[in-house]
1. Does ARG242 count as touching a residue at least 24 places away in the same chain (Cβ under 8 Å), farther than 25 Å from SER84 by Cα and either surrounded by fewer than 21 Cβ atoms within 10 Å (Cβ to Cβ) or out of contact with any Asp or Glu (no Cβ under 9 Å at 6 or more places or on another chain) (or both)?
2. Looking only at segment 1-17, filter to residues that are aliphatic (A, V, I, L, M), part of a loop (DSSP other than H, G, I, E, B) and open to solvent by 20 Å² or more (accessible area, probe 1.4 Å); which one of those is modelled with the lowest pLDDT?
3. Please go through segment 187-207 and pick out each residue that is buried (at least 17 other Cβ atoms within 10 Å of the Cβ) and either among the small types (Gly, Ala, Ser) or farther than 15 Å from LEU15 by Cβ (or both).
4. Considering each residue of segment 95-104, count those that are farther than 24 Å from LEU306 by Cβ and touching a residue at least 40 places away in the same chain (Cβ under 8 Å), and give that number.
5. Out of curiosity, is ARG176 at pLDDT below 60 and in a helix (DSSP H, G or I)?
6. Could you please let me know if LEU253 is in contact with a Lys or Arg (Cβ under 8 Å, 6 or more places away or on another chain), in contact (Cβ under 8 Å) with a residue 40 or more places away in the chain and not in a loop (DSSP other than H, G, I, E, B)?
7. Which condition number in (1) open to solvent by 10 Å² or more (accessible area, probe 1.4 Å); (2) touching a residue at least 24 places away in the same chain (Cβ under 8 Å); (3) over 20 Å from ASP195 (Cα atoms); (4) in contact with a Leu (Cβ under 7 Å, 6 or more places away or on another chain) is the one that ALA272 fails?
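The values are calculated or read from the model by the stated rules, or taken from the named source; none is laboratory data. A quick note: this is a predicted structure, and the numbers were derived from the prediction, not measured. Cβ placement follows ideal geometry from the backbone for every residue including glycine, while neighbour counts extend to all protein chains displayed. Quick note on the areas: whole protein, heavy atoms, side chains included, nothing else; ligands and nucleic acids left out. Shrake-Rupley method; radii C 1.70, N 1.55, O 1.52, S 1.80 Å.
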Amino acid sequence: MESAVSAHLADGSTLTHPWGGTSSITDLGGDVHWIDFGGPSGAPPIVLVHGLGGSHLNWVRVAPALAARTRVYALDLAGFGLTSARGRHTGVDANAALLNRFLDTVVGEPAVLFGNSMGGMVSAMSTHASPESVAGLVLVDPALPLPVQLPDLTVAAQFALYSMPYVGERVLGFGRRKMSDRQLAAQMTRLCFADPTRADPAVLDAGAALTAIRRNEPTQDAEFLQAARSLLTTLARPASYRKTLREITTPTLLIHGDRDRLVPVEAARAAAAAHPHWTTIILGDTGHTPQLEIPDEFSRHALAWLDRTGLIARG
């Protein structure tokens with residue numbers, strides 16, 4: 001039976017058209033939706049990996065600047081965007097394996113992974129599992145073990161509800177029934193931006209259109225919660241995750257907003273201290289998704305690091 005998402009796969013390019021994206025589907029043990037933003041060859045391509053509840057749209061404000069220098073792809077992980085899980089697991093380990101298959105099958109050469117939030121964790125796991133497939137790693141406000149401090153109470157309460165069987169499902173279903181597609185897109189912006197007035201109306205429109213496509217997807221809440229609970233479990237018992245990060249030798253850039261409510265900046269500073277070989281940039285007055293909130297500054301820092309490391313030729 002065709003899902004609500006798979007029935008609208010052609011809308012992938014429509015959603016990203018203002019930013020130059022072309023939509024494709026590849027069977028990687030199930031259909032995976034991805035966007036090709038184009039770009040020149042001759043340097044490692046970039047693969048953009050979204051976070052929990054996100055999609056390829058999380059990268060549209062920086063993809064054109066990156067694609068001016070090298071080939072750029074963005075994929076929807078299983079259970080998100082226009083990639084229905086269709087029985088596949090949506091946890092971080094499963095999506096890391098999916099990302100590795102994407103690198104092998106679609107990209108076909110070592111790439112630079114840009115991972116935001118949960119996508120940062122997934123990208124780190126993918127790099128650790130298949131270092132020969134990853135030329136560089138850019139962690140953008142990645143999911144990290146929290147230092148000993150009180151988290152943002154609203155965020156902590158929300159994720160506590162997600163972790164509870166039955167309750168999490170009811171909370172998500174209630175929110176979707178109560179709010180319009182545009183309100184749901186704006187709610188995510190309020191959570192992830194330090195200053196929601198920086199949101200691009202065109203991105204909000206595209207987010208609302210994607211929400212409308214996904215609204216009648218019958219398994220979306222279960223897929224989201226499976227991913228959220230997997231993420232929380234990994235962070236609650238962080239020894240293995242810390243070991244994974246320690247064992248990565250790939251050149252790594254950590255970019256983090258100092259007003260991130262979801263992953264406090266203290267977690268990024270602790271990770272930077274534990275990995276002095278990383279390059280770390282703390283962005284002032286910025287939230288959890290700097291690539292959407294301050295795209296020009298984000299692109300400038302990311303491209304400068306790629307230049308310094310020799311991963312792309314100097315422009």
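1. Answer is yes for this residue.
2. Within segment 1-17, the match that is modelled with the lowest pLDDT is MET1.
3. MET188, THR189, LEU191, CYS192, PHE193, ALA194, ALA199, ALA206, GLY207
4. 3
5. For ARG176, the condition - at pLDDT below 60 and in a helix (DSSP H, G or I) - is met.
6. Answer is no for this residue.
7. Condition not satisfied by ALA272: (2).
Residues are listed down the side, and each one gets a yes or a no for (1) buried (at least 24 other Cβ atoms within 10 Å of the Cβ); (2) acidic (Asp, Glu):
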{"residue": "TRP19", "(1), (2)": "no, no"}
{"residue": "ILE25", "(1), (2)": "no, no"}
{"residue": "ASP31", "(1), (2)": "no, yes"}
{"residue": "PRO40", "(1), (2)": "no, no"}
{"residue": "GLY51", "(1), (2)": "yes, no"}
{"residue": "ALA63", "(1), (2)": "yes, no"}
{"residue": "ALA67", "(1), (2)": "no, no"}
{"residue": "LEU82", "(1), (2)": "yes, no"}
{"residue": "ASN100", "(1), (2)": "no, no"}
